[in-house]
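The values are calculated or read from the model by the stated rules, or taken from the named source; none is laboratory data. Small disclaimer: the values here were computed from a predicted structure and weren't measured. Positions of Cβ are generated from backbone atoms using ideal geometry, with glycine treated the same way; all protein chains shown enter the neighbour counts.
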Amino acid sequence: MTSKEYLKKGNFKNTIKTGRISVTPVWFDSMGAKSMCTYIETPEIKIIIDPGYAIMQHSYPLEEEEKLDFLSAAEKRVKEYTKKADIVIITHFHYDHHKRPAEFPESYIDKITYIKNPNEWINYSQWKRVRTLYQDLMAVFDNVFKIDEFTKDPEEKNYQDPYNKLSLAQKKDFGDYASRRAELLKVWRANMFNSVEAWMKEKWLTELKVARTSINFIRKGVIKFGKTSISFPGTLFHGIEYAKTGWVEPVVVKRDDKIVLFSSDIMGPNIEDYAQWIIKGNPNVIILDGPSTYLLGYMFNQINLDRCIENASKIVRETDFDIMIYDHHLLRERKFREHMGNFYDTVLETGKAVITAAEWFDLPPLVDLI
């Protein structure tokens, strides 16, 4: 199957509307390439969140040539919407969430860009990627500047253990797994503080402003554009506690009394406190990433999948959303509904509008067809 054959039946004029906010799920994994790119428009501002795209993994049931075809379709659509945007937000530095300026300069040049802080709460692979991003920008600016002009010595800080803030996760009864979990948390915590030491050993990047191009670091707080506000609630784990994949920055857009929440990669959510944060915010539109069921038994265990099912079900039951786009990692394999069975039972029981991005455009998820 080609992307053209698949996409031709889609209703891509469909836009999620809540009050004066319009939301377009530009490209998600349910459509055949990895992405969580979301476009949000209000009367004051046009925002693109995570304008990235990546090819599906080896296990995805398509031939390599077909995967490349869907990747090309994702690239075209992400670039189309990014060109419209005033504000670019990059929640972390995985390539399904951002692209290098060498590949996609339009996502940075003449844009106001907010990126996850490149100096802290970051794993080493993403640390290197964001420095490559800056090197690319130097080339885009014809090497008039050198990256050294945008570095500084590390800041002296007393970093606290973020797990201490996860009161619900700490109280959860893990039964027979509790002792093993405690051992793992101890190791993972040590690894995290090894990362903290690493942040202190190299130069930090600084924010950048060249003509109409600006790179700003995401900080916890609110940015206002007239009646529209963009909130950054704070850095979260990319999955389970102390996840090797690092940290992410969720995004909340509000206008008047309407709220759109973009989770970034909290993978489920895996952590109980993150589910409660979503419930407390009671957004009208939720863009939420599901767990990596395609890695079940390899890098993801049943205990943490059960947490995801319980947490996502709680959000469905206790939040008054109009629509939830539940997609991303979850749509990378055929048995996602079977693996998340109790969650989809909850969706059916409540009658809530929980769908994939493909289904929003009147398309079946690609994995249902191949």
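What the table shows:
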quantity	calculated
Matching residues, the range 293-345, being surrounded by 18 or more Cβ atoms within 10 Å (Cβ to Cβ), of a type in the set (A, V, I, L, M, F, W, C) and part of a loop (DSSP other than H, G, I, E, B)	F321, M340
Subset tally (residues that are touching a helix residue (DSSP H, G or I) at 6+ places or on another chain (Cβ under 7 Å), of a type outside the set (S, T, Y) and in contact (Cβ under 8 Å) with a residue 40 or more places away in the chain) for the range 312-328	5
When residues of the range 271-286 are limited to those that are in contact with a strand residue (DSSP E or B) (Cβ under 7 Å, 6 or more places away or on another chain) and assigned to a helix (DSSP H, G or I), the one surrounded by the fewest Cβ atoms within 10 Å (Cβ to Cβ)	G281
Failed condition for T356, given (1) buried (at least 23 other Cβ atoms within 10 Å of the Cβ); (2) hydroxyl-bearing (S, T, Y); (3) under 25 Å from L166 (Cβ atoms); (4) touching a Ser or Thr at 6+ places or on another chain (Cβ under 7 Å)	(3)
Meets criteria (closer than 24 Å to K254 by Cβ and either touching a strand residue (DSSP E or B) at 6+ places or on another chain (Cβ under 9 Å) or buried (at least 23 other Cβ atoms within 10 Å of the Cβ) (or both)) for D50	yes
Sole residue being touching a strand residue (DSSP E or B) at 6+ places or on another chain (Cβ under 7 Å) and within 15 Å of K99 (Cα to Cα), chosen from T38, T24	T38
Residues being in contact with a helix residue (DSSP H, G or I) (Cβ under 7 Å, 6 or more places away or on another chain), of a type in the set (V, I, T) and outside any helix (DSSP H, G or I) - total across the range 346-370	2
Exclusive hit being modelled with pLDDT under 95 and closer than 30 Å to E272 by Cα, set K116, K172, K157	K157
Given (1) of a type in the set (A, V, I, L, M, F, W, C); (2) touching a strand residue (DSSP E or B) at 6+ places or on another chain (Cβ under 9 Å); (3) more than 19 Å from L236 (Cα to Cα), index of the condition V210 fails	(2)
Among residues of the range 97-151, those that are part of a loop (DSSP other than H, G, I, E, B), free of Cβ contacts under 8 Å to residues at least 40 places away in the same chain and more than 23 Å from K201 (Cβ to Cβ), counted	7
Residue satisfying all of: in the range 218-248; of a type in the set (V, I, T) and farther than 22 Å from Y39 by Cβ; surrounded by the fewest Cβ atoms within 10 Å (Cβ to Cβ) among these	T245
Test: Y177 is touching a residue at least 40 places away in the same chain (Cβ under 8 Å), assigned to a helix (DSSP H, G or I) and over 16 Å from G239 (Cβ atoms)	yes
Pairs with Cβ under 8 Å, 6+ apart, first in the range 345-356 and within 14 Å of I309 (Cβ to Cβ), second of a type in the set (D, E, K, R) and assigned to a helix (DSSP H, G or I)	T346/R317
Filtered residues of the range 259-304 (kept if over 30 Å from D176 (Cα atoms) and touching a Lys or Arg at 6+ places or on another chain (Cβ under 7 Å))	N284
